[in-house]
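Visitor: Sending over a structure as structure tokens; questions will come in a sec.
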Amino acid sequence: MKIYIHAGMGKTGSSAIQAFLTLNYEMLKKKGYLFPNPPNLHNGLGFQTSGGNAHFLYELFKKNKTQNIKEIIKSFMSYNINVILSSEMLFHVLRIYPERFFDVFNKYDYKIIIYVRRQDNLLSSCYNQFVKYEDMKSDFIPPHGEQAHDFCMTLKQILDYSEIKKIIVRPYEKKQFYLGNIFADFLNCIGLELHNEFVLPEKIVNPSLDSNTLEFRRILNILEVDKDNLDAKYIINNKLAKYTVENNMGRPFQDNNIFSIKERLEIINKYAKENEDIARVFLNREDGKLFCDPLPKEDKTHKTHEKLTFEKAVDICKYILKKKYQDNIESTLIEIVAKGTLEKVLSHSSLEESDFEKFPVIYKMNKNPTNMSKDIGKIKQKGDFWLIEADGTDPYFTLPAFNKSNNGRIIVKIGINAPTKTVLQLFYISNNTGFHKDYCVSRNLIKGYNQLIFEIKEKAPIKSLRLDPGSTEGIYILNEFEVRG
């Protein structure tokens, strides 16, 4: 008897595999494979999407309740047949709590199955998921989001705890699937063949949003329309997914990448060496070729994503509202637009990273601050970032050795992790003699990673800057502080 542990990773067809296993529960059991606690595919959301049958184990591993997990696994094994566990969250258990994971499973005969995806496509799809379900408001992937999906690092880490023969790594590419089919590929991993007796799930199980609906969803996050209301979020996301599918987008392996060709190639090159290592170590490929799909390139058919227009936003609104309001769609929309919500957000102009990079760098924080408030317990540089411990509600410090060579116009870029929802303030001295509220810019921060870009314009040069990272106690991580002008 074996335990087959399908650990995702995320955005590699896990929902489709889980739907397949659920639909074929009885067939698999007849063949000696138990898929315990199959998820409910009839969840009212319109697609056969689920979290698998083992997502709850993540919280138990997180709380270090390994004894509880051992008892659960023991109960599954009492059926005396092979057991299949499937959840993308198990990848994160392997990434964060490998010693706990293998403390549970090393006493069993197991195989870990992990699908991996080329990073330019993986990160694009992850961003889509972050916007849909994690209230992401920014138009880029924060560093911690990329690190959480670094499968190269996680796979190498696993080898400290497990024999390589127990790890099955499968590239998520249609051309590399066994028989060109992900269901046949997964069955092959557990020693079965796909045949006509098996029931296949819907062709589209967990559609990604296209560029228009994704930007629409991001705007809803900015407006906090369904913040802390999961039911509303699922309903809206379901309608946006249906809108995407009805417009012939959102299908598996359909090119809907958020990155430019240049950005995609940079991502591919960044991970090239690690991917070669994975191919050689886990797949015994001497040529080090992990992925076979052609590299992205500019051609006449390639289209860069256009910004969401007001007309397209209205069209999406009409689609969302049509079932509830039907005959009153137009009047309802007029009422919404009259409030200025969509127009205000869509017409809002702000500096983007591409604008920021057009200006020369005049300052980067690379020295320890000396002038700081009593509410700062510690500031310490840790590699590429600064760790700031705030012991009170008024932490601040003056930026050390600030370059005064500017004409009064500076553009500041800040990347910061906040311990909770708070407000960041940046005070500056120009014509004024000291830091004052009239010479200050402020931005709301969400809990977690924030990237801010803003402009300061004065008639005289900016002589000094003071950063107030937030107004709450806790640990702030300053990933980046750069000034251009």
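The values are calculated or read from the model by the stated rules, or taken from the named source; none is laboratory data. Everything quoted here is computed from the prediction, not taken from an experiment. As a convention, Cβ positions derive from the backbone with ideal geometry for all residues, glycine included, and neighbour counts pool all protein chains shown.
Visitor: Hey, among MET9, MET27, which residue is among the hydrophobic types (A, V, I, L, M, F, W, C) and in a loop (DSSP other than H, G, I, E, B)?
Guide: On the way: MET27 fails: in a loop (DSSP other than H, G, I, E, B).
None of the other options fit; the residue is MET9.
Visitor: Which one of these does VAL83 not meet: (1) modelled with pLDDT of 95 or more; (2) within 21 Å of ALA16 (Cα to Cα); (3) under 20 Å from the mean Cα position of the chain (by Cα)?
Guide: Just one mismatch for VAL83, condition (3).
Visitor: In addition: When you go through GLU298, GLU266 one by one, which is the residue that is over 29 Å from VAL83 (Cβ atoms), surrounded by fewer than 14 Cβ atoms within 10 Å (Cβ to Cβ) and within 19 Å of the chain's Cα centre (by Cα)? Walk me through it before giving the result.
Guide: Numbers: GLU298 fails: within 19 Å of the chain's Cα centre (by Cα).
Just a single option satisfies the conditions, and that option is GLU266.
Visitor: Condition (residue is surrounded by fewer than 21 Cβ atoms within 10 Å (Cβ to Cβ), without any contact (Cβ under 8 Å) to a residue 60 or more places away in the chain, assigned by TED's automatic domain parsing to the domain that holds ASN181 and more than 30 Å from the chain's Cα centre (by Cα)) applied to region 49-63: is it met by at least one residue?
Guide: no
Visitor: Would you check which residues across region 114-143 are farther than 22 Å from TYR234 by Cβ and part of a helix (DSSP H, G or I) and list them?
Guide: Answer for region 114-143, where residues must be farther than 22 Å from TYR234 by Cβ and part of a helix (DSSP H, G or I): GLN119, ASP120, ASN121, LEU122, LEU123, SER124, PRO143.
Visitor: Moving on to the next point. Identify all residues within region 278-295 that are in a helix (DSSP H, G or I) and exposed (fewer than 15 other Cβ atoms within 10 Å of the Cβ); write none if there are none. So that I can check it myself, show each step before the final result.
Guide: Filtering region 278-295 for residues in a helix (DSSP H, G or I) gives 278-283.
None; the set is empty.
Visitor: In this structure, does PRO395 turn out to be under 20 Å from ASN450 (Cβ atoms) and in the same structural domain as ARG443 (by TED's automatic domain parsing)? Steps first, answer last, please.
Guide: On the way: under 20 Å from ASN450 (Cβ atoms): yes; in the same structural domain as ARG443 (by TED's automatic domain parsing): yes.
Here the answer is yes, as PRO395 does meet what is asked.
Visitor: To continue, here is another question. Among what's in region 377-394 and is touching a residue at least 60 places away in the same chain (Cβ under 8 Å) and assigned to a loop (DSSP other than H, G, I, E, B), pick the residue that is farthest from GLY434 (Cα to Cα). Break it down stepwise before answering.
Guide: Within region 377-394, the subset touching a residue at least 60 places away in the same chain (Cβ under 8 Å) is 384-394.
Narrowing the set further to residues that are assigned to a loop (DSSP other than H, G, I, E, B) leaves 384, 391-394.
Values: ASP384: 30, ASP391: 24, GLY392: 23, THR393: 21, ASP394: 17 Å.
Within region 377-394, the match that is farthest from GLY434 (Cα to Cα) is ASP384.
Visitor: Further question: Please go through region 75-102 and pick out each residue that is acidic (Asp, Glu) and surrounded by fewer than 16 Cβ atoms within 10 Å (Cβ to Cβ). It would help to see each step written out before you state the result.
Guide: As a first pass, look at region 75-102 and keep what is acidic (Asp, Glu): 88, 99.
Across region 75-102, the qualifying residue is only GLU99.
Visitor: Now for a separate question. May I ask you to verify whether ASN53 is modelled with pLDDT under 95 and not hydroxyl-bearing (Ser, Thr, Tyr)? Quick ask: steps written out before the conclusion?
Guide: On the way: modelled with pLDDT under 95: yes; not hydroxyl-bearing (Ser, Thr, Tyr): yes.
Taking the combined requirement at face value, the residue satisfies it.
Visitor: May I ask you to list pairs of residues, at least six apart or on different chains, whose Cβ atoms are under 7 Å apart, with the first in region 395-416 being at positive phi and the second being not in a loop (DSSP other than H, G, I, E, B)?
Guide: GLY408/LYS457
Visitor: A further question follows. In region 244-275, how many residues are charged (D, E, K, R) and either in contact (Cβ under 8 Å) with a residue 12 or more places away in the chain or over 30 Å from LYS156 (Cα atoms) (or both)? Steps first, answer last, please.
Guide: Step one: list which residues in region 244-275 are charged (D, E, K, R), which gives 246, 251, 255, 262-264, 266, 270, 273-274.
When the remaining residues are screened for being either in contact (Cβ under 8 Å) with a residue 12 or more places away in the chain or over 30 Å from LYS156 (Cα atoms) (or both), the result is 246, 251, 263-264, 270, 274.
Final tally of qualifying residues: 6.
Visitor: Right, another one. Consider ALA241 carefully, then state whether it is surrounded by 13 or more Cβ atoms within 10 Å (Cβ to Cβ) and without any contact (Cβ under 8 Å) to a residue 12 or more places away in the chain. Give the steps one after another, and end with the answer.
Guide: Working: surrounded by 13 or more Cβ atoms within 10 Å (Cβ to Cβ): yes; without any contact (Cβ under 8 Å) to a residue 12 or more places away in the chain: no.
Here the answer is no, as ALA241 does not meet what is asked.
Listed here are the residues, each with its yes/no results for (1) in contact (Cβ under 8 Å) with a residue 60 or more places away in the chain; (2) charged (D, E, K, R).
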| site | (1), (2) |
| --- | --- |
| MET136 | yes, no |
| PHE140 | yes, no |
| PRO143 | yes, no |
| GLN147 | no, no |
| LYS156 | yes, yes |
| ILE164 | yes, no |
| PRO171 | yes, no |
| LYS174 | yes, yes |
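Visitor: Of all residues in region 98-143 being modelled with pLDDT under 90 and of a type in the set (Ser, Thr, Tyr), which is farthest from TYR172 (Cα to Cα)?
Guide: The qualifying residue farthest from TYR172 (Cα to Cα) is SER138.
Condition check ((1) of a type outside the set (Ser, Thr, Tyr); (2) surrounded by fewer than 16 Cβ atoms within 10 Å (Cβ to Cβ)) across all residues:
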position: GLY180; (1), (2): yes, yes
position: VAL199; (1), (2): yes, yes
position: THR213; (1), (2): no, no
position: PHE216; (1), (2): yes, no
position: VAL225; (1), (2): yes, yes
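Visitor: I would also like to ask the following. Looking only at region 36-53, decide whether some residue is at negative phi and outside any loop (DSSP other than H, G, I, E, B).
Guide: So in region 36-53, the residues at negative phi come out as 36, 38-43, 45, 47-51, 53.
With the extra rule that they be outside any loop (DSSP other than H, G, I, E, B), the set shrinks to none.
Within region 36-53, none of the residues are at negative phi and outside any loop (DSSP other than H, G, I, E, B).
Visitor: Just to be sure I understand, how many residues within region 77-123 are in contact with a strand residue (DSSP E or B) (Cβ under 6 Å, 6 or more places away or on another chain) and free of Cβ contacts under 8 Å to residues at least 60 places away in the same chain?
Guide: Of the residues in that region, 1 qualify.
Visitor: How about region 54-76: which of its residues are in a loop (DSSP other than H, G, I, E, B) and touching a strand residue (DSSP E or B) at 6+ places or on another chain (Cβ under 7 Å)?
Guide: Initially, region 54-76 is screened for residues in a loop (DSSP other than H, G, I, E, B), giving 54-55, 63-65.
Listed by number, the list holds a single entry, ALA54.
Visitor: From the set of residues in region 23-33 that are within 20 Å of SER87 (Cβ to Cβ) and touching a residue at least 40 places away in the same chain (Cβ under 8 Å), which is surrounded by the fewest Cβ atoms within 10 Å (Cβ to Cβ)?
Guide: Restricting to residues being within 20 Å of SER87 (Cβ to Cβ) and touching a residue at least 40 places away in the same chain (Cβ under 8 Å), the top hit is LYS29.
Visitor: Let me ask you something else. Restricting attention to region 1-50, report how many residues are modelled with pLDDT of 90 or more and closer than 24 Å to ASP150 by Cα.
Guide: 15
Visitor: Look through region 437-485, keep the residues that are acidic (Asp, Glu) and in contact (Cβ under 8 Å) with a residue 12 or more places away in the chain, and return whichever of them is surrounded by the most Cβ atoms within 10 Å (Cβ to Cβ).
Guide: Initial filter on region 437-485 (acidic (Asp, Glu)): 438, 455, 458, 468, 473, 480, 482.
After this cut, where a residue has to be in contact (Cβ under 8 Å) with a residue 12 or more places away in the chain as well, the list is 455, 458, 468, 473, 480, 482.
Details: GLU455: 16, GLU458: 18, ASP468: 21, GLU473: 16, GLU480: 16, GLU482: 16.
The extreme case among them is ASP468.
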